[in-house]
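Encoded as structure tokens, the structure appears first; notes follow it.
The values are calculated or read from the model by the stated rules, or taken from the named source; none is laboratory data. Note that the structure is a prediction, hence the values are computed from the model and not measured. So basically every Cβ, Gly included, is an ideal-geometry build from the backbone, and we count neighbours across all protein chains shown.
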Amino acid sequence: MQNRRQFLETLGSMAAVSTAAGASSFGNVRQLRLFAFLPPANTHDRLQPEWYRRKIKQVQDRMKEHKLDAMVLLNATNVIYTTGYFHLPTERPLAALIPANGDPALFIPGLEEDQVKLWWVKDYESYFDYPGPVNRVQWIFQRAAKRGFGGGRIGVEEPTPSRLKHMTQGAPRARIVDASEIIEQLRWIKDEDEIDLMRRAMYFADFTVKAGREFVQQNGTVSEDQILKASADAVADKMSKELNDVVGIGIDAPFGGLVPFGKRSAFPHAIPSKDRLKSGDALILSFGAQVGGYTVECERSFCIGKPNDYAKRLFDAMLAAHDSAAENLKQGAVAEEVDKKSLDQIRKAGFGKFLKHRTGHGIGLEAHESPWIAEGDRTVLQESMTFSCEPGVYDPDWGGFRHSDTVVVRKDKGEIINTYPTRLEDMVIEI
């Protein structure tokens, strides 16, 4: 087996980028060439202050519709979405105050004081630490009240009973209003700046699947944890070298991703094992990447060696469901109807008993966010929403297949931003 440095050097020499997805064969190795979204030199890999100033104005326009005097955001993702202030969420509350007019303010724990000075939001107040002599949510609302919002309507996100108690203790004369839908629905629809970041992230997600495939081809009967480590090492090195701004890299402990094979490929969220890959196995390489806070998914299902007829039938059913969903993720479609049309492809193939989950979910600043491409979600899709597209089929006595693409809703059909191939002929690995 190659050591890590040898593998990365080999991968780097093979990772040439062309203007189209394709494949070439030499010996038993099928080398893939991937189209990649490459931004101009010296551009940023995160949204800039001007973008967030426009976003604050959009939020304020929605606030006027709801007759709100202010919003206090405590959800870390929503703070990032509206202000761009990336931080490490802990038990210490951190909030953004958005007034009906003017610039936002941040209420932060003291350990953020030096970092916040580097960002565009200059108005902030801090407390020393948590828990402190006064509940910190109560402290935040006391500060909001002192800024003139104590008798007004303050919008908040899905307050729990205990949190609502602390809010009202901090601003007892204010009317606290659940205004969760304002930020949630703004986040649903991405603009082209956000989608460009997702394309940039997909460049790395596609690369990670390629890295995992190359590692398997070169090393044969490897274990899941070895595939995870090799893939994560490769993409971490690449992101470190190529990103101009780093505000989040989506590599989860221990190494990131899901790489089940054999019968364990029928576990949609399989944790890593020490099992050894063998000829005849199904293999799923499931990875995400994050650039500028925006997350994407690339998952591909492979056959180790020539697939038998049963494997082909399972794969074809999965791919038909995937293609149906991607085609139907279009403006005006209803989320649960897209899901039904997709999963019906698997049912029609006779594998309905092997369905274990919905077709997809919203994706953006969070890996899983609303709306849901699932039964029970009647959301009407709008252009520039973004979703995972990942129907799967899982036979517990054999294994499973699942591709996942990240898809942008467009007028006539979904736009897949992944570039990694999906057809069975490109999914065979000889070891």
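For residues in the range 277-290 being touching a helix residue (DSSP H, G or I) at 6+ places or on another chain (Cβ under 9 Å) and not hydrophobic (A, V, I, L, M, F, W, C), which is surrounded by the fewest Cβ atoms within 10 Å (Cβ to Cβ)?
The first filter runs over the range 277-290 and keeps only residues touching a helix residue (DSSP H, G or I) at 6+ places or on another chain (Cβ under 9 Å), leaving 277-278, 280-290.
Checking which are not hydrophobic (A, V, I, L, M, F, W, C) leaves us with 278, 280-281, 286, 288, 290.
On the way: LYS278: 13, GLY280: 15, ASP281: 24, SER286: 25, GLY288: 25, GLN290: 22.
Going through the qualifying residues, I end up with LYS278.
Among all residue pairs at least 6 apart or on different chains, which show Cβ distances below 9 Å where the first residue, located in the range 212-239, is farther than 19 Å from GLY280 by Cβ and the second is of a type in the set (Ser, Thr, Tyr) and surrounded by fewer than 21 Cβ atoms within 10 Å (Cβ to Cβ)?
Pairs found: GLU214/THR10; GLN218/THR10; ASP225/SER273.
Within the range 95-136, which residues are outside any helix (DSSP H, G or I), of a type outside the set (A, V, I, L, M, F, W, C) and out of contact with any strand residue (DSSP E or B) (no Cβ under 8 Å at 6 or more places or on another chain)?
ASN101, GLY102, ASP103, LYS117, LYS122, PRO131, GLY132, PRO133, ASN135 - these are the residues of the range 95-136 that are outside any helix (DSSP H, G or I), of a type outside the set (A, V, I, L, M, F, W, C) and out of contact with any strand residue (DSSP E or B) (no Cβ under 8 Å at 6 or more places or on another chain).
Is it true that some residue in the range 305-321 is surrounded by 18 or more Cβ atoms within 10 Å (Cβ to Cβ) and within 26 Å of ARG200 (Cβ to Cβ)?
Within the range 305-321 (the criterion being surrounded by 18 or more Cβ atoms within 10 Å (Cβ to Cβ) and within 26 Å of ARG200 (Cβ to Cβ)), the answer is no, since none of the residues qualifies.
So, ILE108, is that one over 18 Å from ASN135 (Cα atoms), of a type in the set (A, V, I, L, M) and assigned by TED's automatic domain parsing to the domain that holds ALA171 or not?
The answer is no for ILE108.
Given the structure, is TRP139 part of a loop (DSSP other than H, G, I, E, B), in contact (Cβ under 8 Å) with a residue 24 or more places away in the chain and among the hydrophobic types (A, V, I, L, M, F, W, C)?
Spelling it out, it is not the case that TRP139 is part of a loop (DSSP other than H, G, I, E, B), in contact (Cβ under 8 Å) with a residue 24 or more places away in the chain and among the hydrophobic types (A, V, I, L, M, F, W, C).
I'm checking my understanding of the structure. Among residues of the range 326-360 that are outside any helix (DSSP H, G or I) and among the basic types (Lys, Arg), which one is surrounded by the most Cβ atoms within 10 Å (Cβ to Cβ)?
ARG358
Which ones in the range 176-200 are in a strand (DSSP E or B) and exposed (fewer than 14 other Cβ atoms within 10 Å of the Cβ)?
ASP178
Of the residues VAL409, VAL334, VAL393, only one is more than 25 Å from ASP206 (Cα to Cα) and in contact (Cβ under 8 Å) with a residue 24 or more places away in the chain; which? Before you say what the answer is, go through the steps one by one.
Working: VAL409 fails: more than 25 Å from ASP206 (Cα to Cα); VAL393 fails: more than 25 Å from ASP206 (Cα to Cα).
Within the list VAL409, VAL334, VAL393, the selection yields VAL334.
Going through the range 256-270 one residue at a time, which ones are within 21 Å of ARG358 (Cβ to Cβ) and either hydrophobic (A, V, I, L, M, F, W, C) or not assigned by TED's automatic domain parsing to the domain that holds ARG358 (or both)?
LEU258, ALA266, PHE267, ALA270
Suppose we filter the range 311-325 for residues that are in contact (Cβ under 8 Å) with a residue 60 or more places away in the chain and among the basic types (Lys, Arg); how many remain?
Total satisfying the criteria: 1.
Residues being of a type outside the set (Asp, Glu) and out of contact with any strand residue (DSSP E or B) (no Cβ under 8 Å at 6 or more places or on another chain): count how many of those fall in the range 181-202.
Looking only at the range 181-202, we keep the residues that are of a type outside the set (Asp, Glu), and these are 182-183, 185-190, 195, 197-202.
Going one step further and asking which of them are out of contact with any strand residue (DSSP E or B) (no Cβ under 8 Å at 6 or more places or on another chain), we end up with 185-186, 199.
So the count comes out to 3.
Conditions (1) modelled with pLDDT of 95 or more; (2) in contact with an Asp or Glu (Cβ under 9 Å, 6 or more places away or on another chain); (3) assigned by TED's automatic domain parsing to the domain that holds ILE195; (4) outside any helix (DSSP H, G or I), marked per residue:
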{"position": "ILE284", "(1), (2), (3), (4)": "yes, yes, yes, yes"}
{"position": "ALA289", "(1), (2), (3), (4)": "no, yes, yes, yes"}
{"position": "CYS298", "(1), (2), (3), (4)": "yes, yes, yes, yes"}
{"position": "CYS303", "(1), (2), (3), (4)": "yes, yes, yes, yes"}
{"position": "LYS306", "(1), (2), (3), (4)": "yes, yes, yes, yes"}
{"position": "ALA311", "(1), (2), (3), (4)": "yes, no, yes, no"}
{"position": "PHE315", "(1), (2), (3), (4)": "yes, no, yes, no"}
{"position": "ALA321", "(1), (2), (3), (4)": "yes, yes, yes, no"}
{"position": "SER324", "(1), (2), (3), (4)": "yes, yes, yes, no"}
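In this structure, is ASP377 surrounded by fewer than 24 Cβ atoms within 10 Å (Cβ to Cβ), touching an Asp or Glu at 6+ places or on another chain (Cβ under 6 Å) and farther than 14 Å from ILE189 by Cβ?
yes
Taking the range 362-403 as the search range and keeping residues that are part of a loop (DSSP other than H, G, I, E, B) and of a type in the set (S, T, N, Q), which one is nearest to the chain's Cα centre (by Cα)?
By that ranking, first place goes to SER384.
When the residues of the range 148-162 are filtered to those that are among the charged types (D, E, K, R) and closer than 11 Å to ASP178 by Cβ, which remaining residue is modelled with the lowest pLDDT?
It comes out as GLU158.
Which of the numbered conditions does GLU425 fail, given that it passes all the others? Conditions: (1) farther than 29 Å from ASP193 by Cβ; (2) touching a residue at least 24 places away in the same chain (Cβ under 8 Å); (3) surrounded by fewer than 18 Cβ atoms within 10 Å (Cβ to Cβ).
(2)
Do the conditions hold for THR83, that is, is it within 25 Å of the chain's Cα centre (by Cα), surrounded by 16 or more Cβ atoms within 10 Å (Cβ to Cβ) and either touching a residue at least 60 places away in the same chain (Cβ under 8 Å) or not assigned by TED's automatic domain parsing to the domain that holds GLN142 (or both)?
When the stated conditions are applied, THR83 does not pass them.
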